[in-house]
């Protein structure tokens, strides 16, 4: 049986105007696949990178990496899901901007009854990102309660989850954001300190807050604009963890600078390495579901757009007009 469904496609990479409402035909799931009918879809900065050409794609392409809905059918070999299950995912390949899709089952997880579809669509990619950063992307010796960490874009979707989760872990999170209002939002969600990097030198503030010692790790999704000064925030043997490029890609740098700055470590992380297997995906999702289900982390959805308003959603995201999570409703 084939289904005709709405989707958002790009035929060329470029600005938000490239996002077009279209129709596509969806068939039965093959081996290792499921067909899911979305109730809500998440919006993430990786969608912008794929749309604007920073991440090259085969065209035409349907965007979207995160969604939640109901499983309609499963293919051969799928054991952990069945038709009728509530489910959510953050997954390659792109294609979530649609009503219905067929996709690999490996990264699709059964959704606990206590978590709604909107919340799930808003939290899977961002929450799993916070999970691997705070639990797996660690400096030498790891992180212990009382340790300082620096988290850029602390009022965004990943940032607000990380603020709360870090507090639950006993970490002292210093967040940065681009406005006073966003700094206040980060503080309200568990950041111990917040710095407006549009008006203050965040490296100087970090050194003042930490008594000159610096932080053990910097988590940076901003990229070009924050990279150099972030290195100056690190304590000896500290870790610079890059996981995004919201302000543009980081320029090439000589590894030799890391020695005089304190024998620093540098890593570039991506969620999809961490969720490469069914087992790792489920373990990370279980951790996320538990911390959300306990109430220690609350998922804030500050923007909702209809699927056909996706161009407006991308404009707002790129202009840094959003806070918390953004979803597309179906």
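The values are calculated or read from the model by the stated rules, or taken from the named source; none is laboratory data. Computed from a prediction, not measured in an experiment: that's the story for all the values here. Cβ coordinates were reconstructed from backbone atoms using ideal geometry, including for glycine residues, and neighbour counts include every protein chain displayed.
Taking the criterion of being over 17 Å from residue 115 (Cβ atoms) and either modelled with pLDDT of 95 or more or outside the structural domain of residue 110 (by TED's automatic domain parsing) (or both), the residues of region 85-100 that qualify are 94, 95, 96, 97, 98, 99, 100. Each residue in region 264-288 was checked for being surrounded by 15 or more Cβ atoms within 10 Å (Cβ to Cβ), touching a residue at least 60 places away in the same chain (Cβ under 8 Å) and either in a loop (DSSP other than H, G, I, E, B) or in contact with a strand residue (DSSP E or B) (Cβ under 8 Å, 6 or more places away or on another chain) (or both), and 7 pass. Residues being outside the structural domain of residue 222 (by TED's automatic domain parsing), under 16 Å from residue 289 (Cα atoms), in a loop (DSSP other than H, G, I, E, B) and at pLDDT below 95 are represented in region 103-112 by at least one member.
Close Cβ contacts (under 9 Å, 6 or more residues apart or on different chains) running from residues in region 98-124 that are within 11 Å of residue 69 (Cα to Cα) to residues that are at pLDDT below 95 and in a loop (DSSP other than H, G, I, E, B) comprise 99/330; 108/91. For residue 213, the conditions (1) buried (at least 17 other Cβ atoms within 10 Å of the Cβ); (2) modelled with pLDDT of 95 or more; (3) part of a loop (DSSP other than H, G, I, E, B) all hold with the exception of (1). Scanning region 285-307 for residues that are more than 24 Å from residue 187 (Cα to Cα) and within 16 Å of the chain's Cα centre (by Cα) yields a total of 1. Reported count of residues in region 55-80, each being surrounded by fewer than 18 Cβ atoms within 10 Å (Cβ to Cβ), more than 14 Å from residue 10 (Cα to Cα) and within 24 Å of the chain's Cα centre (by Cα), is 1.
Answer yes if at least one residue in region 21-31 is surrounded by fewer than 19 Cβ atoms within 10 Å (Cβ to Cβ), touching a helix residue (DSSP H, G or I) at 6+ places or on another chain (Cβ under 7 Å), assigned by TED's automatic domain parsing to the domain that holds residue 279 and not in a loop (DSSP other than H, G, I, E, B), and no otherwise. Yes.
Restricting attention to region 41-54, the residues being within 16 Å of the chain's Cα centre (by Cα) and either assigned to a strand (DSSP E or B) or over 20 Å from residue 156 (Cα atoms) (or both) number 3. Across region 239-263, the qualifying residues are those that are farther than 20 Å from residue 129 by Cα and touching a strand residue (DSSP E or B) at 6+ places or on another chain (Cβ under 6 Å), and the one among them that is surrounded by the fewest Cβ atoms within 10 Å (Cβ to Cβ) is 263.
So that you can scan it fast, the table gives a plain yes or no per residue for (1) at positive phi; (2) part of a loop (DSSP other than H, G, I, E, B); (3) without any contact (Cβ under 8 Å) to a residue 40 or more places away in the chain; (4) over 21 Å from the mean Cα position of the chain (by Cα):
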residue	(1), (2), (3), (4)
176	no, no, no, no
183	no, no, yes, no
194	no, no, no, no
208	no, no, yes, yes
219	no, no, no, no
225	no, yes, yes, no
230	no, no, no, no
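Among the residues of region 112-133, those that are touching a helix residue (DSSP H, G or I) at 6+ places or on another chain (Cβ under 9 Å), surrounded by fewer than 24 Cβ atoms within 10 Å (Cβ to Cβ) and within 19 Å of residue 34 (Cβ to Cβ) comprise 112, 115. Restricting attention to region 289-316, the residues that are in a helix (DSSP H, G or I), crowded, with 18+ Cβ neighbours inside 10 Å and either in contact with a strand residue (DSSP E or B) (Cβ under 6 Å, 6 or more places away or on another chain) or not assigned by TED's automatic domain parsing to the domain that holds residue 23 (or both) total 3. Taking the criterion of being more than 21 Å from residue 284 (Cα to Cα) and surrounded by fewer than 24 Cβ atoms within 10 Å (Cβ to Cβ), the residues of region 146-175 that qualify are 146, 147, 148, 172. Only one of 134, 160, 143 is at pLDDT 95 or above and not in a helix (DSSP H, G or I). Can you tell me which? Criteria check complete, one pass: 143.
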